[in-house]
Amino acid sequence: MNKALQELRKKFTISTTLLAAAILFVLFGLFVGVIFVSMTATAYGTLDSVIDDFGGPADDIMGRRCFAFVYSPETGNANVPAVYIEEFAAYGETLSREIAEAAVATKEGKFTCGEMSFIVTSRTVSRDGVGASYTIYAVMDTTPDSRTLASVGMLSALIYLAAVAVTGLAAYLFSSRALAPVGEAFRKQRDLIANASHELKTPLTVISTNLSVMKSEPDSTVAENARWMDAIDAQIQRMNSLIVSMLQLSKMEHDSLPMVEVDFSEIAEGACLAFDAVCFEKGLTFESRISPDIRVMGDRDALDRLITGLLDNATKYCSGENRIGLDLTSDGKHAVLAVMNTGEAVSEEDAKHIFERFYRTDGARANRDGNSFGLGLAIAQATVAMHGGDIKCHGLAGKGTVFVVRIPLAKPDRKSRRRVRGDAPAALTGKVPGEDEDTAD
């Protein structure tokens, strides 16, 4: 399983890094592209203004060298106005002539001369009253732009590589947290298979043994094999109970339930009524205090199974004074259900794990009858989670164990805030239900 998680972590890191690399590549590309377009646009804007104001100063906001000249096709000469002589002559006589010839040949756009880059734009003008015409050429030295773009590109590339590396490292470090739920799911799946196999092994062994005994006496009658058949039937029922519990837990954890407003008080009263007879048979004292009209958003059947499961759990592990109590109240925002049984208090360590699948403590809450699989409380926790609440377990020293469930109310209701006797919930005060005379049946 660890190998699978490592492989998944590797894939997560690679995919995240590649995605980040693609996004960063586009962003840095846009950044460099915007700079290039801005430089080119300002260059053409400056050249157009030079032609419009031919003979005036050539001012470029980026400080690039710019000059203009007139070229006459008849003479083939380039005449540079005095205002541009200094800029034009800065290249030397030979190179200046080559730049002018290249500009005339290009007419519009970019050209190079040696290792330098230039942009030229031109406009043909007719002489007033004369048939002859002349062409004005405006030239800008964009060599600094090329160097700037090269520097920006190199710096962007370095930043890009560093950003991708940091993103990859962050993705790898974050993947452990991001994949924690997946790892937990793998662990639960592994534990489920291991524990389910362990739980099924015993009944299958018993069934196999009993069948072997029956086969060893082929002439025996049905009546003579009744004890073996009863044992087989009991183990089949046990396996069926385990499978039903596992399916129920899976449904609670992965499916959604139709949520409607239900009377939680009515559901609790029905569950308590059903357990009166169970407690009477087992010689247990059962007390309940249920505030009226406590309404929550939920599924009636699931909530009924929740209360029934907690009460069943309480009857299994009740000892000492043999008392069980149920308390349902409201704190104004949540319905507060407390189910308690007397006996040995659950330890803090056991309380941390008691809602885990197949978990059973070593003490009083161990599997006494062989029919407890450690799934009931896991189902209870999944049910409460689906209703947006929480469930906790803690022991009351020298008194017993209490389970407290909180589920959000459907709506604020003053009636639901009224308690039966005006007392605080017994489970929250450390009282065992039935300790005072005010407890209502």
Failed criterion for Leu211 (all others in (1) under 47 Å from the mean Cα position of the chain (by Cα); (2) over 30 Å from Gly320 (Cα atoms) hold): (1)
From Val50, Val34, residue being closer than 21 Å to Thr148 by Cβ and among the aliphatic types (A, V, I, L, M): Val34
Residue that is surrounded by the most Cβ atoms within 10 Å (Cβ to Cβ), among those in segment 304-344 that are within 19 Å of Gly395 (Cα to Cα) and basic (Lys, Arg): Arg323
Residue within segment 270-286 that is under 22 Å from Gly388 (Cα atoms) and open to solvent by less than 60 Å² (accessible area, probe 1.4 Å) present: yes
Segment 37-91: number of residues that are touching a residue at least 12 places away in the same chain (Cβ under 8 Å), of a type in the set (Ser, Thr, Tyr) and surrounded by 14 or more Cβ atoms within 10 Å (Cβ to Cβ): 6
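Being among the hydroxyl-bearing types (Ser, Thr, Tyr) and either modelled with pLDDT of 90 or more or touching a Phe, Trp or Tyr at 6+ places or on another chain (Cβ under 7 Å) (or both) is the filter here, so list the residues in segment 316-329 that pass it.
From segment 316-329, those among the hydroxyl-bearing types (Ser, Thr, Tyr) are 317, 319, 329; that's our starting set.
Correct list: Thr329 only.
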Top-ranked residue of segment 154-179 - restricted to ones that are open to solvent by less than 50 Å² (accessible area, probe 1.4 Å) and at pLDDT below 80, ranked as farthest from the chain's Cα centre (by Cα): Leu179
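Just checking, which of Phe12, Phe36, Phe25 is assigned to a helix (DSSP H, G or I), under 30 Å from Pro181 (Cβ atoms), of a type in the set (Phe, Trp, Tyr) and in contact with a helix residue (DSSP H, G or I) (Cβ under 9 Å, 6 or more places away or on another chain)? Full working, then the answer.
On the way: Phe36 fails: under 30 Å from Pro181 (Cβ atoms); Phe25 fails: under 30 Å from Pro181 (Cβ atoms).
When all the criteria are applied, what remains is Phe12.
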Among (1) surrounded by fewer than 16 Cβ atoms within 10 Å (Cβ to Cβ); (2) farther than 30 Å from Arg300 by Cα; (3) at pLDDT below 70; (4) among the charged types (D, E, K, R) - the single one Asp255 does not satisfy: (2)
Pick from segment 265-312, criterion of a type in the set (Gly, Ala, Ser) and free of Cβ contacts under 8 Å to residues at least 40 places away in the same chain, ranking: farthest from Ile324 (Cα to Cα): Gly270
Residue in segment 115-124 that is exposed (fewer than 13 other Cβ atoms within 10 Å of the Cβ), in contact with a strand residue (DSSP E or B) (Cβ under 8 Å, 6 or more places away or on another chain) and modelled with pLDDT under 85 present: yes
Which numbered condition Thr13 fails, given (1) at pLDDT 90 or above; (2) crowded, with 16+ Cβ neighbours inside 10 Å; (3) within 30 Å of Val166 (Cβ to Cβ): (1)
Single unsatisfied condition, Ala21 versus (1) exposed (fewer than 12 other Cβ atoms within 10 Å of the Cβ); (2) farther than 30 Å from Ser122 by Cα: (1)
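The values are calculated or read from the model by the stated rules, or taken from the named source; none is laboratory data. All figures in this text were calculated on a predicted structure; none of them were measured in a lab. Note that we place each Cβ from the backbone using ideal geometry, even for glycine, and neighbour counts take in every protein chain shown. These accessible areas exclude ligands, DNA and RNA; they are computed on the full protein's heavy atoms, side chains included. Shrake-Rupley method; radii C 1.70, N 1.55, O 1.52, S 1.80 Å.
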